[in-house]
Amino acid sequence: MSAGPYVPVFSGPARTRLEQLFGKYPTKQACLLPALWMVQEARGWISDQAIAEVADVLELTPAYVKGVVTFYTMYHTHPVGRHFVQVCTTSPCNICGAEAVVQSLLEETGCGELGATSPDGRFTVIEVECLGACGFPTPILVDDDFLEDVTPEKVKGIVQRYD
């Protein structure tokens, strides 16, 4: 089943918003990260077609744009749940129980495995390297909400906060 033809992100108000950024940066290339955020805000993820569109608008190669997209964990290269959960699993957090937090999140959300989206489309859970809160393990990031000192016992209540 086809999703239909690609509809450009940068038309109308979005194009105007992007062009306004051009005056704030020294080059179009410098607008790459904000342009990618605009795509992700509009679509929820960044497809190969969107990568090509961004490359065209910013006069870059699609390979360059894809390199940036795949370098940063903040950009999604496939559809994700309405709530994107990132769990710090670096060594300090692992020593303090991060793996148990991950397992609790996978069970409570219904994702089953890292990177998968729950059957109801609500959650996607991934591991990340360091959320910068080593003094309060285990930190997680749910969308833009930063939560510290997460334990397996707190996971159910956290998941219930997100519809």
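Here, each number is a calculation from the coordinates, and none is a lab measurement. Just so you know, these numbers come straight off a predicted model, no measurement behind them. Every residue, glycine among them, receives a Cβ derived from its backbone with ideal geometry; neighbour counts consider all protein chains shown.
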Quick check for me: using +1 on Lys/Arg Cβ and -1 on Asp/Glu Cβ, what's the dipole size of the chain about its Cα centre, in debye to the nearest 20?
520 debye
Nearest-20 debye value, region 13-71 charge dipole, Cβ charges on Lys, Arg, Asp, Glu
160 debye
Cβ-Cβ cut-off under 13 Å around Ser11, Lys and Arg +1, Asp and Glu -1: the net charge is -1
Projected area averaged over orientations for region 13-71, convex hull of C-alpha atoms, nm²
3.7 nm²
Intensity falloff of the chain expressed as log10 I(q)/I(0), Debye formula with alpha-carbon point scatterers, at q = 0.13 Å⁻¹
-0.71
Running a GNM on the chain with Cα contacts under 10 Å, which residue among Gln20, Gln49, Gln40 ends up with the highest mean-square fluctuation?
Gln20
Can you give the angle from 0 to 90° between the axis of helix 62-71 and the longest principal axis of the chain, with both taken from C-alpha atoms, to the nearest 10?
20 degrees
At most 13 other Cβ atoms within 10 Å plus a DSSP loop assignment makes a site exposed; report the longest stretch of the chain without any exposed trypsin sites (Lys or Arg not before Pro).
25-160
Candidates Gly121, Gly97, Gly132, ranked by Gaussian network fluctuation over the chain, Cα under 10 Å, top entry:
Gly132
Identify which of Gly44, Gly12, Gly115 has the largest mean-square fluctuation in a Gaussian network model of the chain, with springs joining Cα atoms closer than 10 Å.
Gly12
